[in-house]
Amino acid sequence: MTRAHLLGTGSALPKRLVTNAELAAEVDTSDEWIVERTGIRQRYIAGEGETTATLATQAALNALDDAGIDAKSIDLIVLATATPDNTFPATATKVQHALGCNGGIAFDVAAVCSGFLYALGTADSMIRTGMAKRALVIGAETFSRILDWEDRTTCVLFGDGAGAAVLEAREVAGDAADTGILTTKLHADGAQHDLLYVDGGPSTTQTVGHLRMKGREVFRHAVTNLADVLKETVEAVGVKTEDVDWVVPHQANKRILDATAKKMGIAPERVVVTVDKHANTSAASVPLALDTARKDGRIKAGDLILLEAMGGGFTWGASLIRL
Ligand code: UT7
């Protein structure tokens, strides 16, 4: 059978690093509150000339370099973002042009913080069915541009950045011991729209709008939904949670990571945590964490890794990959 294999990863962050103390000088908050409630210590904020497309392109170039792949051989780009450069065309087409691989498939996926999982599942399906051979899956965001900087309950939580992964079609026998993406499980529940959304858009207000979130309620749903989808994913492949070498979660809040790991019986030292350095970068957070743990040598060839995320919609999902 054909399976999508992960050949390389890359990331990109804006130049400007903003610490909690710097934020507390502008917003009615404190380093102590942010660290205690979220684990966040700093975030990167995009400046002039830095957009979702420029960050995505840099992350893609780093992933191609890591994989040792020429951009020209990429025939599919799926880019997850809730903060595109323009309402249309898709930011993926800008990235395609910047990379010089024009002519293949390129489109954006909107699933907010679960965007990378949705993009990965889409690219995996297209590779399995033969529509594409080599794909770039990218999560890229400039959430700083949709934050209400007067709202301390949300503006301290997010940051900007991009992460990318190169996938390639390879033939394997097809059991759980083989390499490649083993399964991806995705879900959505539109009834929860009002707990996390942006209060603007082209077809409603003709404005970009600002992020609105009922944090405490999102937190409660996040732990339940993530634990459910993690269980569903490992069961679908017939492995046990103890077999998973690394969990690479969406980085919204250290307390969500701890509570989910505890519920699943996963040792905290097997969970990749980058929320302290990047804050919540929405669709970029999973590939940023994945790239961080691959580059620092924690995640190695042969490892079984479990990616998971939950965000606005609600949307949530998980993917099990053997490297
Ligand atoms: O990525 C998509 C998914 N998103 C998430 O998963 C986010 C999920 N939610 C969370 O991470 C947490 O709910 C938050 C970090 C957003 C908030 O933490 P919390 O422990 O749920 O705090 P809270 O909202 O219950 O607020 C506690 C207190 C409130 O004061 P009172 O009402 O107790 O007097 C807030 O006004 O903290 C206050 N507060 C702040 N204080 C200082 C809220 N934001 C701040 C702030 N600085 N930035």
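The values are calculated or read from the model by the stated rules, or taken from the named source; none is laboratory data. Note that the structure is predicted; figures quoted are calculated from it, not measured. For neighbour counting, all protein chains shown are included, and Cβ atoms are generated from backbone atoms with ideal geometry for every residue, glycine included. Please note that ligands, DNA and RNA were not included when accessible areas were found on the heavy atoms of the full protein model with its side chains. Shrake-Rupley method; radii C 1.70, N 1.55, O 1.52, S 1.80 Å.
Annotations for the structure displayed:
- Filter result (within 16 Å of the ligand (Cβ to nearest atom) and either outside any strand (DSSP E or B) or in contact with a Cys (Cβ under 7 Å, 6 or more places away or on another chain) (or both)) within segment 298-323: ALA309, MET310, GLY311, GLY312, GLY313, PHE314
- Pick from segment 262-297, criterion touching a strand residue (DSSP E or B) at 6+ places or on another chain (Cβ under 7 Å) and assigned to a loop (DSSP other than H, G, I, E, B), ranking: surrounded by the most Cβ atoms within 10 Å (Cβ to Cβ): THR281
- Within segment 158-197, being more than 30 Å from ALA71 (Cβ to Cβ) and touching a helix residue (DSSP H, G or I) at 6+ places or on another chain (Cβ under 6 Å) holds for ALA176, LYS185, LEU195, LEU196.
- Looking only at segment 232-252, and only at residues there that are over 12 Å from GLY317 (Cα atoms) and of a type in the set (S, T, N, Q), the one that is modelled with the lowest pLDDT: THR241
- Test: residue in segment 234-244 that is of a type in the set (S, T, N, Q), surrounded by fewer than 21 Cβ atoms within 10 Å (Cβ to Cβ) and out of contact with any Pro (no Cβ under 6 Å at 6 or more places or on another chain): yes
- Any hit, segment 278-290, residues being within 16 Å of the ligand (Cβ to nearest atom) and either over 22 Å from PRO14 (Cβ atoms) or basic (Lys, Arg) (or both): no
- Checking segment 248-257 against the condition returns a match, with at least one residue being part of a loop (DSSP other than H, G, I, E, B), without any contact (Cβ under 8 Å) to a residue 40 or more places away in the chain and surrounded by 16 or more Cβ atoms within 10 Å (Cβ to Cβ).
- Condition met for GLY68 (at positive phi, open to solvent by less than 60 Å² (accessible area, probe 1.4 Å) and assigned by TED's automatic domain parsing to the domain that holds LEU6): no
- Filter result for THR205 (modelled with pLDDT of 95 or more, more than 16 Å from the ligand (Cβ to nearest atom), of a type in the set (Ser, Thr, Tyr) and assigned to a loop (DSSP other than H, G, I, E, B)): yes
- Segment 303-323, residues that are open to solvent by 10 Å² or more (accessible area, probe 1.4 Å), in contact (Cβ under 8 Å) with a residue 60 or more places away in the chain and more than 12 Å from the chain's Cα centre (by Cα): GLY313, THR315, ARG322, LEU323
- Helices (runs of 4 or more DSSP H) lying entirely in segment 8-125 (those with 2 or more residues that are over 18 Å from HIS278 (Cβ atoms) and modelled with pLDDT of 95 or more): 31-38, 52-67, 91-99
- Residue among GLY209, GLY163, GLY159 that is closer than 25 Å to GLN42 by Cα, assigned by TED's automatic domain parsing to the domain that holds VAL275 and open to solvent by less than 50 Å² (accessible area, probe 1.4 Å): GLY209
- Condition met for VAL229 (aliphatic (A, V, I, L, M), within 15 Å of the ligand (Cβ to nearest atom), part of a helix (DSSP H, G or I) and modelled with pLDDT of 95 or more): yes
- Flag if VAL223 is within 16 Å of the ligand (Cβ to nearest atom) and in contact with an Asp or Glu (Cβ under 9 Å, 6 or more places away or on another chain): no
- For segment 257-275, taking the residues that are under 20 Å from the mean Cα position of the chain (by Cα) and among the charged types (D, E, K, R), the one that is nearest to CYS113 (Cα to Cα) is identified as ASP258.
- Of everything in segment 11-70 that is within 25 Å of ALA119 (Cβ to Cβ) and acidic (Asp, Glu), the residue that is nearest to the ligand (Cβ to nearest atom) is GLU50.
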